[in-house]
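Beneath this line is the structure, given in structure tokens, with notes to follow.
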Protein chains: 2
Amino acid sequence: MTTISEIARRAGVSTATVSNVLNGTKAVSPETRELVETVARELGYTPSRSARSLKTGRSATVGLIAPDLTNPFFPAVVQAVERKVREAGYGLIIVDCHNDTLEEKAAFELVGEYRVDGIIWIPVDETPPEPMPSAPVVTVDRPVTGLDGVTSDHRAGGRMIAEAIIGAGHETVGILRGPSAHHSARERHRGLLDGLADKVRIVWDVPVFFSLELPDDARSTILEQAVDCIVGANDQVAIRTAQLLSASGQKLPDDVAIVGFDDIPWAEFVHPPLSTVRQPYRRLGQSAVELLLRRIADPGGEPELIVLPVEWIARASHRRG
Amino acid sequence: MTTISEIARRAGVSTATVSNVLNGTKAVSPETRELVETVARELGYTPSRSARSLKTGRSATVGLIAPDLTNPFFPAVVQAVERKVREAGYGLIIVDCHNDTLEEKAAFELVGEYRVDGIIWIPVDETPPEPMPSAPVVTVDRPVTGLDGVTSDHRAGGRMIAEAIIGAGHETVGILRGPSAHHSARERHRGLLDGLADKVRIVWDVPVFFSLELPDDARSTILEQAVDCIVGANDQVAIRTAQLLSASGQKLPDDVAIVGFDDIPWAEFVHPPLSTVRQPYRRLGQSAVELLLRRIADPGGEPELIVLPVEWIARASHRRG
DNA sequence: CGACAATGGTTAAACGTTTAACCCGTGACG
DNA sequence: CGTCACGGGTTAAACGTTTAACCATTGTCG
């Protein structure tokens with residue numbers, strides 16, 4: 001690897017000068033500048049982030065801690081984060097903690113070793129990291145009290161669903177609500193209930209997990225207690241429900257309507273195409289990075305929670321053909 | 001940030017000793033070991049990767065360069081890579097180059113600055129990086145001559161499809177083949193043709209892109225030239241084709257059967273559930289890391305191409321109900 | 001003409017580790 | 001008893017940068 005001192009030697013100048021031309025830190029005469037630059041180019045010089053980081057105390061790196069990269073929700077936000085981060089001259093180190101809080105703890109240690117300048121964190125549950133990292137942290141999707149965060153307006157999403165259900169003329173509804181440990185699930189549920197008020201009869205309202213299979217009691221409820229419309233905790237739940245119903249001979253959406261939440265990439269390809277609430281994936285990632293960058297530049301200040309608008313996506317599943 | 005010398009000071013020993021206990025590099029008496037360890041713990045010491053990297057010349061980091069994180073194909077391999085890499089004590093820095101060879105070039109520079117010990121590379125096209133990085137590179141999915149790589153047995157996959165088509169009793173077939181710039185597309189096509197031999201009549205065989213919309217000529221061919229079965233370049237193409245056909249009033253799979261390739265996460269949820277060839281996503285990632293680790297430990301030797309077996313997934317779309 | 005600022009450069013220390021080279025007792029062995 | 005090996009330490013250099021503190025030369029201005 002060629003170093004700055006190698007360049008200095010060959011160009012007959014000091015390392016300080018080389019550093020100055022390479023970073024534009026101080027004025028350097030055009031001739032030396034030119035000289036140094038060509039020597040650097042010829043030697044194929046690549047600066048060492050380690051050395052720079054060690055000296056400056058800034059690593060020009062941010063860490064991304066996510067619970068599960070295969071969750072269809074995440075790739076788009078990760079992509080947006082990566083892009084924004086890199087545009088700002090930072091590198092991205094990423095760790096997937098497989099929905100395990102222990103691995104998550106290890107993740108914080110790992111990014112600590114890298115002395116990252118900031119951390120984007122999609123928490124597996126909503127408890128603050130221990131010990132608190134020294135770099136600023138901004139959460140995505142799942143707010144943690146005391147930390148900066150960005151999330152979608154799940155409550156408004158819930159209301160949008162209610163509105164659509166009422167608009168479609170449904171009279172009875174079944175709810176598969178997400179785990180109440182999740183902020184998003186609570187908010188969606190709250191918004192839905194608010195919106196439904198007493199205009200539609202809620203025949204049942206049972207808890208499910210966000211992914212995985214439907215629990216047995218939920219399955220039997222779905223199959224045995226007929227309603228006009230079922231609202232799923234998220235798209236995956238809605239899709240599983242649709243499958244279950246189809247398999248049992250029901251015609252969707254005419255016999256029973258379905259609505260999801262998230263607008264995962266394949267919501268439009270399932271049968272029937274899923275009506276759902278779209279989260280602004282990319283914006284989520286972008287805003288998180290913007291907020292993080294602000295905090296890096298200027299730490300302190302009250303934690304801020306950015307709530308991004310969602311969008312009702314009317315496809316076929318929520319109303320009779 | 002607490003440093004090794006801080007610990008040394010408080011424990012009344014030299015930094016060398018601290019380093020030795022923390023890394024187990026040299027024998028240290030139980031008492032000093034104990035002492036140093038508790039001091040380190042109390043101070044919440046976290047080693048600095050920059051310093052270590054600078055001194056040792058190894059960064060304990062690998063770079064992952066991918067063309068597009070939102071491609072449904074990738075999250076599973078990225079996840080596998082991340083896990084394996086981290087198990088081996090490395091960190092993972094990741095860059096998404098948005099299918100752009102210029103960004104890809106920049107990506108190599110970025111990981112170069114980090115002095116990564118190895119690179120996992122999913123190339124956007126199949127031309128070698130310029131200049132060649134000094135760290136070992138292993139490609140995933142898309143082999144590059146002269147480089148180590150791991151890929152799926154696309155040819156065998158093509159043959160499996162042929163077999164399934166013959167088994168289903170189809171007499172005519174249409175092929176939507178992928179861009180011939182891609183190794184995978186070429187191999188699939190080759191295997192398919194081999195397998196079909198003269199047992200089934202190929203009515204048409206037109207090129208398409210892997211994602212995006214179907215080109216106009218492909219659309220009209222699909223709609224106008226009836227065949228028993230259409231084989232898509234990959235799942236996304238197959239799914240778009242199914243949509244197109246359904247929209248035009250055809251009943252799938254009875255009027256026309258469809259098969260895909262890849263087994264992306266939602267292949268089973270579309271209508272009709274897609275018969276396809278599954279690539280071993282996780283294994284792809286794992287093998288790539290294993291190979292990379294071998295190369296890091298022991299560079300040199302002939303480039304190796306690992307070809308992983310694929311699996312035919314028979315769902316509903318490839319034969320009459 | 002003297003003082004001074006500006007310009008373009010250099011020197012050297014420092015960042016937090018690792019590690020080769022050295023040092024000092026102590027017990028074993030011939 | 002002299003020598004040697006070994007266990008358990010220390011010292012100090014080095015890794016590749018950045019950057020504060022200097023320094024020399026030149027031109028400007030009162």
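None of the figures in this text is laboratory data; all of them are computed from the coordinates on show. Given the structure is predicted, the values throughout are model-derived calculations rather than measurements. For neighbour counting, all protein chains shown are included, and Cβ atoms are generated from backbone atoms with ideal geometry for every residue, glycine included.
Each Lys and Arg Cβ is given +1 and each Asp and Glu Cβ -1; about its Cα centre, chain B then shows a dipole of about 1000 debye. Residue A:47 label point (Cα plus 7 Å toward Cβ) to equivalent points in the other copies: 2.6 nm, shortest first. Take residue A:5, move 7 Å from Cα toward the beta carbon, and the resulting point lies 1.8 nm from the same point in each other copy, nearest first.
Take every Cα pair under 8 Å in the range A:257-321 that's 6+ residues apart, average their separations, divide by the length, and report that relative contact order as a whole percent. Don't skip to the end; give the middle numbers.
Numbers: 73 pairs, mean separation 31.5, N = 65.
Over the range A:257-321, the number comes to 48 percent.
Loop-located trypsin sites (Lys or Arg not before Pro) in the range B:87-159 (DSSP state other than H, G, I, E, B) with a sparse environment of at most 15 neighbouring Cβ atoms within 10 Å are absent.
Percent of C-alpha pairs per 20 Å bin in chain A, short distances first: 29, 42, 20, 9, 0. Sites listed here are GluC sites (Glu not before Pro) in the range A:168-254 whose DSSP assignment is loop and whose Cβ has at most 15 other Cβ atoms within 10 Å: A:171, A:213.
Please state the relative contact order of chain A as a whole percent: Cα pairs under 8 Å, 6+ residues apart? Intermediate results must be reported in sequence, preceding the final value.
Values: 604 pairs, mean separation 54.4, N = 321.
Taking the mean separation of contacting Cα pairs over the length of chain A, I get 17 percent.
Positive-end ranking of A:274, A:167, A:22 along the dipole of chain A, with charges on Cβ about the Cα centre, is headed by A:22. How much of the pair distance distribution for the protein assembly as shown lies past 39 Å, counting alpha-carbon pairs only, in percent? Roughly 41 percent, rounded to a whole number. Of the two radii for the range B:4-47, the radius of gyration is 0.90 times the Kirkwood radius, both from the alpha carbons; that is the Rg over Rh value. Note on residue B:216 and residue B:130: the model spin-label points, each 7 Å out from Cα along the C-beta direction, lie 3.5 nm apart.
Taking a ≥ b ≥ c as the square roots of the eigenvalues of the Cα gyration tensor, an a/c ratio of 1.5 or more together with a/b larger than b/c marks the range B:263-321 as prolate.
What do you get for trypsin sites (Lys or Arg not before Pro) in the range B:193-286 restricted to DSSP loop and a cutoff of at most 16 other Cβ within 10 Å of the site's Cβ?
Numbers: sites: B:199, B:201, B:219, B:240, B:251, B:278, B:282, B:283; in loops: B:199, B:251.
Those that pass, being in a loop and sparsely packed, are B:199, B:251.
If only the Cβ of Lys and Arg carry +1 and only the Cβ of Asp and Glu carry -1, the dipole of the protein assembly as shown around its Cα centre is close to 1140 debye. Shown for residue A:190: label points 7 Å from Cα along the beta-carbon vector, and their distances to the equivalent points in the other copies, 6.0 nm in ascending order.
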